[in-house]
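Just below is one structure, and these are the notes that go with it.
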Amino acid sequence: MKEYSMAEFDLIQEAADFIRQKWNKKPQVGIVLGTGLGNLANKIETELVIPYEEIPYFPKSTVETHAGKLILGTLEGKTVFAMQGRFHYYEGYSAKRITFPIRVMKQLGVELLVVSNACGGLNPQFKRGDIMLIEDHINLLGINPLIQDRVSQLGVDSVVETFDSRLGPRFPDMIEPYSHELIHLAQQVALENKIATQKGVYVAVSGPNLETRAEYRFLRNIGADVVGMSTVPEVLVAVHSNIKVLGLSIVTDMGLPDALEPANISDILAAAENAEPKMNTIICGVLQKLTFE
């Protein structure tokens with residue numbers, strides 16, 4: 001992606017136009033499916049599948065457990081733009097590239113974003129397999145997709161401002177990055193289906209290594225309940241774009257520094273797979289209850 005050969009808005013528009021030519025519906029809901037959480041795609045009444053590499057300027061998913069496909073169709077009567085696999089900073093992508101699909105969602109008409117992830121538990125009251133509704137986050141990635149680019153065309157003394165108000169305000173308010181209304185609705189659905197849920201704070205770190213004992217202590221001490229390597233960039237852009245967000249995490253392992261065990265990727269994926277049906281029930285139940293104008 002040659003990020004600065006064209007204005008960012010023009011790149012977004014080109015990608016959106018490519019999708020419109022193949023699928024003429026307006027998606028209401030965007031869905032980002034995280035590590036080991038791609039099975040919700042099987043519940044979508046699929047009308048079109050597009051590999052990421054075919055969409056102009058989309059990054060390519062390099063993580064083995066991410067299918068790298070855009071699925072367009074309907075779920076619980078709502079038109080959806082579902083990403084079966086996401087992008088991460090540790091894959092070498094910039095913040096803007098990670099979040100480019102969220103910009104495209106907005107351009108196509110998405111009003112609600114559902115983000116999911118697999119994460120490590122920090123709160124000792126949590127356990128492997130728990131589903132946590134994200135009520136807030138801490139960004140320790142070291143990147144922010146909302147930072148504007150300053151591109152020198154004629155030398156260091158002549159810089160072109162690239163802030164584009166069409167994408168959103170310069171200083172977006174993050175008082176409610178995760179919709180209180182949607183959290184309440186998700187809790188209601190969970191209660192109706194006898195699914196226990198937690199609620200808490202997600203902290204994003206760059207990865208790809210897991211944390212040291214000292215880092216787990218630090219993250220817990222600053223107020224985090226779970227830790228992961230994604231989600232926050234997408235949420236920042238969604239809020240910047242005036243898209244409401246529902247975030248769900250599945251606790252796939254525990255990062256308790258005084259009882260730490262070596263990470264086993266197979267066990268992490270198995271925990272995500274075992275808890276995913278409950279998460280999918282919550283997502284589908286929320287969509288059932290929602291109405292769009």
Check your understanding: What is the Cα convex hull volume of the range 63-141 when expressed per residue in Å³?
Key -> 147
Exercise for review: Using only alpha carbon pairs under 8 Å that are at least six residues apart, calculate the relative contact order of the chain and give it in whole percent.
Suggested key: 25
Check your understanding: Carbon-plus-sulfur fraction of the accessible area of the chain, 1.4 Å probe, in percent?
Key -> 48
Review point. All other residues with a Cβ under 13 Å from the Cβ of GLY129 taken together, and with Lys, Arg as +1 and Asp, Glu as -1, what is their net charge?
Key: -2
Study note, to complete from the structure: For LYS69, counting only lysines whose alpha-carbon sits under 20 Å away and dropping same-chain residues fewer than eight positions off, the answer is LYS22, LYS25, LYS26, LYS43, LYS60, LYS78, LYS96, LYS106
Point to revise | Helical segments meeting 24 Å axial Cα length and Kyte-Doolittle 0.0 threshold in the chain (DSSP H) | key: 265-289
Point to revise | Two-site label geometry, MET174 and ALA270: point separation in nm, points 7 Å out along Cα→Cβ | key: 3.7
Check your understanding: For the range 146-293, what percent of Cα pairs sit more than 20 Å apart?
Key -> 63
Exercise for review: Highest first, please rank the peptides 29-35, 125-131 by the mean number of other Cβ atoms sitting within 10 Å of their residues.
Suggested key: 29-35, 125-131
**Study point:** When the range 224-293 is reduced to its Cα atoms, the Kirkwood hydrodynamic radius in Å
**Key:** 14.8
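Based on the Kirkwood radius over alpha-carbon pairs, what is the Stokes-Einstein translational diffusion coefficient of the chain at 4 °C with 1.567 mPa s viscosity, in µm²/s?
D, rounded to a whole number, is 66 µm²/s.
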Review point. Using a Gaussian network model of the chain with C-alpha springs under 10 Å, which one of HIS184, HIS240, HIS88 is most mobile by mean-square fluctuation?
Key: HIS184
Study note, to complete from the structure: The correct ranking of MET83, MET254 by accessible area at 1.4 Å, largest first, is MET254, MET83
Review point. Distance in nm between label sites at GLN187 and PHE9, each 7 Å beyond Cα in the beta-carbon direction?
Key: 4.0
Review point. Excluding same-chain residues fewer than 8 positions from LYS194, which lysines have a Cα within less than 16 Å of its Cα?
Key: LYS278
Practice item. First measure r as the distance between the Cβ atoms of ILE50 and ASP17, then evaluate 1/(1 + (r/R0)^6) with R0 = 22 Å and state the FRET efficiency to the nearest 0.05. Key: 0.95
Check your understanding: Which value in deg cm²/dmol, rounded to the nearest 500, describes the helix-derived mean residue ellipticity at 222 nm for the chain, given -39,500 (n - 2.57) per DSSP H run of n ≥ 4 and division by the residue count?
Key -> -9500 deg cm²/dmol
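The values are calculated or read from the model by the stated rules, or taken from the named source; none is laboratory data. Note that the structure is a prediction, hence the values are computed from the model and not measured. So basically every Cβ, Gly included, is an ideal-geometry build from the backbone, and we count neighbours across all protein chains shown. Protein only, heavy atoms only, side chains kept; ligands, DNA and RNA dropped before computing areas. Shrake-Rupley method; radii C 1.70, N 1.55, O 1.52, S 1.80 Å.
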